[in-house]
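We did not get these values from a lab; they are worked out from the coordinates using the rules stated. No experiment lies behind these values; they were computed from the predicted model shown. Backbone-built Cβ (ideal geometry, glycine too); neighbour counts: all protein chains shown.
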Amino acid sequence: TLPIRIAPSILAADFAKLGQEVHEVTQAGADWIHLDVMDGHFVPNISYGPDVIKALRRHSTAFFDCHLMITPADPYLEAFAKAGCDGITVHAESGPHLHRSLQTIRALGKKVGVTLNPATPLSVLENVLEDIDLILIMSVNPGFGGQKFIPAMVEKIRAAKALIASRPIELEVDGGITPETIGAVAAAGANVFVAGSAVFQGGSVEAYRERISALRTV
Ligand code: DX5
Ligand code: ZN
């Protein structure tokens, strides 16, 4: 069984001092850094791209978990790989050729992830299970931090865990994860927990350490 990983999303960090934020949250015990890339097209918000990630790379040695909410994704995969992402996750809804996107990420030498919007059924994964290292279940509609967890996603996580069976695939959940909601998703089988607003509400390394610990008590 794979380890519990807390993955703070820097979408909720102070963008005016992003390097420092990434450094401090790493010092505070973050296992992964979750990087939300939004294009204003696939999702109704714009965040940051590969040059920002490249600049952040020297501020942390943690695993860079890149969540691409962009369409098309394929023309940009190499740029995100070169920027220093360790894993690249694409949405199953982001294009007609999911398998091609996954093969491209694999060829770039990065961990391969697929993410599903709340309304997208797990069946889209059935024919790519041997090609992926990570499944990301969205527990909010992507685009914004600070939204409310969708309770129906607990059952979806349980079903995803069953689909994974004994394969070494990370099961990640993203959206509305707090000390109140994390217990149910952990019990359902998720092992990677994205948290934006529950970690970054301003503060210091000490505050980040406390908020990360509060999530880890699952
Ligand atoms: C939403 C992003 C999430 C977001 C989570 O589109 O994919 O990673 O930052 O934020 P919280 O934890 O505040 O729901
Ligand atoms: Zn995300």
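Below is a table of values for the structure above.
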read-out: The one condition in (1) surrounded by 22 or more Cβ atoms within 10 Å (Cβ to Cβ); (2) within 30 Å of Ala187 (Cβ to Cβ) that Ala73 fails to fulfil; value: (2)
read-out: Boolean, Val192 is crowded, with 23+ Cβ neighbours inside 10 Å and in contact (Cβ under 8 Å) with a residue 60 or more places away in the chain; value: yes
read-out: Condition met for Leu108 (more than 16 Å from ligand 2 (Cβ to nearest atom) and in contact (Cβ under 8 Å) with a residue 40 or more places away in the chain); value: no
read-out: Residue tally, condition among the β-branched types (Val, Ile, Thr) and in a loop (DSSP other than H, G, I, E, B), over the range 35-54; value: 1
read-out: Enumeration of residues in the range 88-113 that are within 16 Å of ligand 1 (Cβ to nearest atom) and either surrounded by fewer than 24 Cβ atoms within 10 Å (Cβ to Cβ) or part of a helix (DSSP H, G or I) (or both); value: Ala92, Glu93, Ser94
read-out: Residues being over 22 Å from Leu122 (Cβ atoms), within 16 Å of ligand 2 (Cβ to nearest atom) and not hydroxyl-bearing (Ser, Thr, Tyr) - total across the range 152-211; value: 5
read-out: Of residues in the range 167-217 being among the hydroxyl-bearing types (Ser, Thr, Tyr) and not in a helix (DSSP H, G or I), the one nearest to Leu129 (Cα to Cα); value: Thr181
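So that you can scan it fast, the table gives a plain yes or no per residue for (1) assigned to a helix (DSSP H, G or I); (2) in contact with an Asp or Glu (Cβ under 9 Å, 6 or more places away or on another chain); (3) among the hydroxyl-bearing types (Ser, Thr, Tyr):
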| residue | (1), (2), (3) |
| --- | --- |
| Phe80 | yes, no, no |
| Thr115 | no, yes, yes |
| Asn127 | no, no, no |
| Pro142 | no, yes, no |
| Gln147 | no, no, no |
